[in-house]
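Written out below as structure tokens is the structure these notes cover.
The values are calculated or read from the model by the stated rules, or taken from the named source; none is laboratory data. Model, not experiment: these values are computed from the prediction. Heads up, the Cβs are rebuilt from the backbone with ideal geometry, glycines too, and the neighbour counts pull from every protein chain shown. Ligands, DNA and RNA are stripped out before the accessible areas are found, and what is left, the full protein with its side chains, is counted by its heavy atoms. Shrake-Rupley method; radii C 1.70, N 1.55, O 1.52, S 1.80 Å.
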Amino acid sequence: MEQKRYIVGLGEALWDVLPEGKKLGGAPANFAYHAGQFGLDTLAISALGEDELAEETINALKDHNLNYLMPRVAFPTGTVQVTLSGDGIPAYDIKENVAWDNIPFTAEMEEVARNARAVCFGSLAQRNAVSRDTIRRFLDATPDDCLKIFDINLRQQFYSKDVLEESFHLCNVLKINDEELVVVNRMFGYEGLDMRGTCERMVIDYGLKMLVLTCGTNGSYVFTDDGLTSFQETPKVEVADTVGAGDSFTGSFCASILNGKPVQQAHLTAVRVSAFVCTQNGAMPTVPAELKG
């Protein structure tokens, strides 16, 4: 039987513990879910504990028809304690030494990697050496035509210049937001350049196929290795919450590119889908068919 060529979300599987209850979170599952809305075979890869929360994770993944590869390890399933200030601003306490910090590289993962069409990874899941090594081994095993998307995702103190630099070299598509770009600009000595100049320079310096820059309400850009720049304005919508909006952008963009759409069209689809996700509660709503064109 021929091995499926999956689009993979690789990294943290966790629950956001909010004042009103808990919700399954983590970029890999969100990314895989949204890429899967476009008819592609997707897979979320992480690790789970030997606990009740692990069973709840599997049930939640099944509820969203999400394929998963999440070995059980002797650490608790990941949680993030979310507290809200008086004016509703969230603060996050991302628990450490949990299952997704300790993702083992298995023979089954290596088989998936050797056939992957795309893989999306971030910096958060590389905060611990075990998962960092697994992510690198997975990326090393992917075929030449695999889209390797580094969705940088800087969180708290969980990143370093070394991890970022190696990840820039490992990926061929970089997704970054305007706040993260300021950090990278300073950290990597691009201070003399404006936002666009930094992005164009990074495409060259790291041999990227594409760099995707999101700027919140100020729109988003895609810079390509052949000099194309795509800009899309951010639609004005009634926001329910922004949870998972960035992951839906990345998943939709990746799926559209793999489905043969030109960069500008893939970019427009990603913008429309992420705006729709902002109008819904939670990270994994069903995307209307008319937004997938």
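Things worth noting here:
- Taken over the stretch 58-70, the residue count meeting the criterion of being open to solvent by 30 Å² or more (accessible area, probe 1.4 Å) and either without any contact (Cβ under 8 Å) to a residue 60 or more places away in the chain or over 17 Å from the mean Cα position of the chain (by Cα) (or both) is 6.
Here's the yes/no breakdown for (1) open to solvent by less than 40 Å² (accessible area, probe 1.4 Å); (2) of a type in the set (Lys, Arg); (3) at pLDDT below 95; (4) closer than 15 Å to residue 34 by Cα:
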{"position": "217", "(1), (2), (3), (4)": "no, no, yes, no"}
{"position": "234", "(1), (2), (3), (4)": "no, no, yes, no"}
{"position": "247", "(1), (2), (3), (4)": "yes, no, yes, yes"}
{"position": "251", "(1), (2), (3), (4)": "yes, no, no, yes"}
{"position": "259", "(1), (2), (3), (4)": "no, no, no, yes"}
{"position": "262", "(1), (2), (3), (4)": "no, no, no, no"}
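- Condition met for residue 24 (closer than 27 Å to residue 259 by Cβ and under 18 Å from the mean Cα position of the chain (by Cα)): yes
- Being assigned to a helix (DSSP H, G or I) and either open to solvent by 20 Å² or more (accessible area, probe 1.4 Å) or under 23 Å from residue 135 (Cβ atoms) (or both) is true of residue 55.
- Count of residues meeting criterion [more than 20 Å from residue 98 (Cβ to Cβ) and β-branched (Val, Ile, Thr)] in the stretch 1-60: 3
- Screening the candidates 287, 277, 222 for the property of being part of a helix (DSSP H, G or I), of a type in the set (A, V, I, L, M, F, W, C) and open to solvent by less than 10 Å² (accessible area, probe 1.4 Å) yields one hit, 277.
- Among the numbered conditions (1) free of Cβ contacts under 8 Å to residues at least 60 places away in the same chain; (2) closer than 22 Å to residue 150 by Cα, the only one that residue 85 does not meet is (2).
- Those residues of the stretch 250-267 which are farther than 17 Å from residue 175 by Cβ and assigned to a helix (DSSP H, G or I), in sequence order: 265
Per-residue answers, yes or no, for (1) without any contact (Cβ under 8 Å) to a residue 24 or more places away in the chain; (2) closer than 17 Å to residue 265 by Cα; (3) of a type in the set (Asp, Glu); (4) assigned to a loop (DSSP other than H, G, I, E, B):
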{"site": "190", "(1), (2), (3), (4)": "yes, no, no, yes"}
{"site": "193", "(1), (2), (3), (4)": "yes, no, no, yes"}
{"site": "213", "(1), (2), (3), (4)": "no, yes, no, no"}
{"site": "241", "(1), (2), (3), (4)": "no, no, yes, yes"}
{"site": "248", "(1), (2), (3), (4)": "no, yes, no, no"}
